[in-house]
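Below you'll find the structure, written out as structure tokens, and then a few comments.
Only the coordinates and a few stated rules stand behind these numbers; no lab work does. Just so you know, these numbers come straight off a predicted model, no measurement behind them. When we count neighbours, we look across all protein chains shown, and the Cβ atoms used for this are built from the backbone with ideal geometry, even at glycine.
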Amino acid sequence: MLRQERRVEKGPERTDAGTNKARERTRPPRRKQFDWRAGPRTIHLGKRTCVIAILDVSPDGVEEGKFQDPDRAFVQAQELIEAGAGMIEVCGASPIGGKAAISAAEELRRVVPILKRLRGKLDVPLVVETMNAGVAEKAVEYGAAVLHDPSGLIVEPALAKIAAQADLGLILSHMRGDPMTWPKISPLRDANKAVASDLNACLGRAIRDGVDRKRLVVDAGLGQGKRKEQDLQLLAYTGDFGRLEIPFSFGLSKHMAILGDPATLAAAVSSAVLSGAHIIRTHDCAVARAAAALADSLLSA
């Protein structure tokens, strides 16, 4: 009788343990937390997703030149902040597949008036996207807290030293080839491992050039030399990025093949956050902020 009673008592314990293990398998992975140093500020990443709103001021960008005027750009920046942007990223020459790079002089002509208008007027840190050292130096002069190099130091390695000397944050995106070759570039055999390996090498270069590891963020570079299927793979599995022990972001731009409307953007943001992304960079801040807030709640539930 005693032996039978013991077996009855242990049964529920084994069932509960099995249930707990099943819950652990289905629960989203915990997102690692980091203190990211962006200029003079320290931003805690991991508890709440940081949405960086892209302010595209190029005439051939996704906004079609709507914000080339400094005053209009200022109003748009304020509206993006009201929509939940944690940072504003000024972009004067975003790489677009099939289009040649513009000259440094042209990029400066587009960006400098905007930076002058925004200097000291925003309640959030300013990011400047560029692959040009001259633009990066102007970004420092006009109060940028972060540089974003979409080429991951391939086009202009000097960007790392500029960021290091000015104590700026530095976002390094993965890029294959150049925009002119993207339409014809061959697919990656294992996109996740290849991108993570390249980003690890990029981090090493930045650190050797004096950038504090606490100032670095890596970005998967969706659409930059990858096919649509590879972009989806990168969004779906982020384990290889997590092993870099560095905050990571996803840029979800309007011109990407996987984003057709606000609903697909919301789905992509949710997937990225639940997979562990710390930062979302996007043009549509309101949609991204709402989707990220829900995903943040799910991670903390």
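Here are the numbers for this structure:
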quantity	calculated
Protection proxy ranking, peptides 84-95, 170-181, average beta carbon neighbours within 10 Å, highest first	84-95, 170-181
Alpha carbon convex hull of the chain, projected area averaged over orientations, nm²	17.9
Burial ranking of peptide ranges 193-205, 100-112 (average Cβ count within 10 Å, highest at the top)	193-205, 100-112
Relative contact order of the chain, pairs being alpha-carbon contacts under 8 Å that are 6 or more residues apart, as %	20
Compactness of the stretch 141-278, expressed as Rg and Dmax over alpha-carbon positions, Å	14.8, 42
Label zone at Ala105 (point 7 Å along Cα-to-Cβ), backbone N below 16 Å, the stretch 121-137	134-135
Of the DSSP H helices in the chain, those whose Cα atoms cover at least 24 Å axially and whose Kyte score averages -1.0 or more	191-208
